[in-house]
Amino acid sequence: MATAEQPTAGWTVELDTTPGRRQAQEEFVLHHPDGTDERITLHDYARVYDVPGLYEEVVQRRLECASPETVAAALVEAATAEGRAPEELRAFDLGAGNGVVGEELSTRGVTVVAGADGIPEARDAAHRDRPGLYRHYLVGERLDVDQVTGLVRDEELTAIVAAGAVGEGHVPVDSLAQLWDAFPPGSFLALTLAGGDNDHDITDVEAMLEATSASAHRTRTVVRRSFRHRRSMAGDDLTYLVLVAVKD
């Protein structure tokens, strides 16, 4: 176990540094102010989001997660390369959680209109921690495509952003493809994806994009590179891919 540090609202966190665990198996201990201890699986997002500041303390500060800032910066980079200002973009934040990614987008001038996540606890935490960031926040493991299509139309959405939310047991690639179909030409798709070039989530997404090559509005990759997503609790670097594409 690592040493507990930085009390937040009276609690402290102790990471379980057991080596060899997959991301979905990582755990930590939350030491409560009353002296009780609670062991929490990192991917138990409903519980993590229930404690204000806990996600930021564990994932952003202690594990140095770079996906939110990386995907936001890459979207702006791709838009600039296409002659578009960040202020022109109206984003749908997929796998929005409590709004960490949305906040990074907003800081860079992107208008964050909608968020979505699979659990209501994420929506509630976003409204609690970053009130007013999202005009709409959808909840569901598989979103209603007709509802998203109407939202894209009515709110003139021009970007899907998903930091670590596609694959790895989260949003399936086929669901992402359906959502992407709802967006008009000139829209951007910005993702961070787990693993190296041959990881199945990455190859599945790139196959999805390649499948549009013969369509009237093909999707073209603008940014594609590896980066350090975060540290594991055991101290190893976890490498992800950031990918931004535009629909012609």
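Summed over the range 67-112, the residues that are crowded, with 20+ Cβ neighbours inside 10 Å and under 12 Å from the mean Cα position of the chain (by Cα) give a count of 18. Scanning the range 210-242 for residues that are within 19 Å of the chain's Cα centre (by Cα), more than 23 Å from ARG22 (Cα to Cα) and open to solvent by less than 20 Å² (accessible area, probe 1.4 Å) turns up just one, VAL223.
Scanning the range 78-93 for residues that are in contact (Cβ under 8 Å) with a residue 12 or more places away in the chain and part of a helix (DSSP H, G or I) yields ALA78, ALA79, ALA81, PRO86, GLU87, GLU88.
The number of residues in the range 44-57 being in contact with a helix residue (DSSP H, G or I) (Cβ under 7 Å, 6 or more places away or on another chain) and buried (at least 17 other Cβ atoms within 10 Å of the Cβ) comes to 5.
Restricting the range 123-141 to residues that are without any contact (Cβ under 8 Å) to a residue 40 or more places away in the chain and among the charged types (D, E, K, R), the residue that is most open to solvent (accessible area, probe 1.4 Å) is ARG135. Yes or no: the range 156-167 includes at least one residue that is touching a residue at least 60 places away in the same chain (Cβ under 8 Å) and more than 18 Å from the chain's Cα centre (by Cα). Among the residues of the range 156-167, at least one is touching a residue at least 60 places away in the same chain (Cβ under 8 Å) and more than 18 Å from the chain's Cα centre (by Cα), which makes the answer yes.
Of the residues in the range 181-209, how many are at positive phi and modelled with pLDDT under 95?
Going through the range 181-209 one residue at a time, the tally reaches 1.
Is it fair to say ASP174 is open to solvent by 20 Å² or more (accessible area, probe 1.4 Å), of a type in the set (Asp, Glu), farther than 18 Å from LEU191 by Cβ and in a helix (DSSP H, G or I)? Criteria not met by ASP174. Counting only residues that are surrounded by fewer than 19 Cβ atoms within 10 Å (Cβ to Cβ) and either hydrophobic (A, V, I, L, M, F, W, C) or within 16 Å of GLY95 (Cα to Cα) (or both), the range 146-169 holds 2 of them.
Just a yes or no: is a residue in the range 132-147 of a type outside the set (A, V, I, L, M, F, W, C), touching a Phe, Trp or Tyr at 6+ places or on another chain (Cβ under 6 Å) and part of a helix (DSSP H, G or I)? No, that holds for no residue.
The values are calculated or read from the model by the stated rules, or taken from the named source; none is laboratory data. Computed from a predicted model, the values in this text were never measured in an experiment. FYI the Cβ positions are ideal-geometry reconstructions off the backbone, even for glycines, and counts take in every protein chain you see. The protein model used for the area step is the full one, side chains on, heavy atoms only, and it has no ligands, DNA or RNA in it. Shrake-Rupley method; radii C 1.70, N 1.55, O 1.52, S 1.80 Å.
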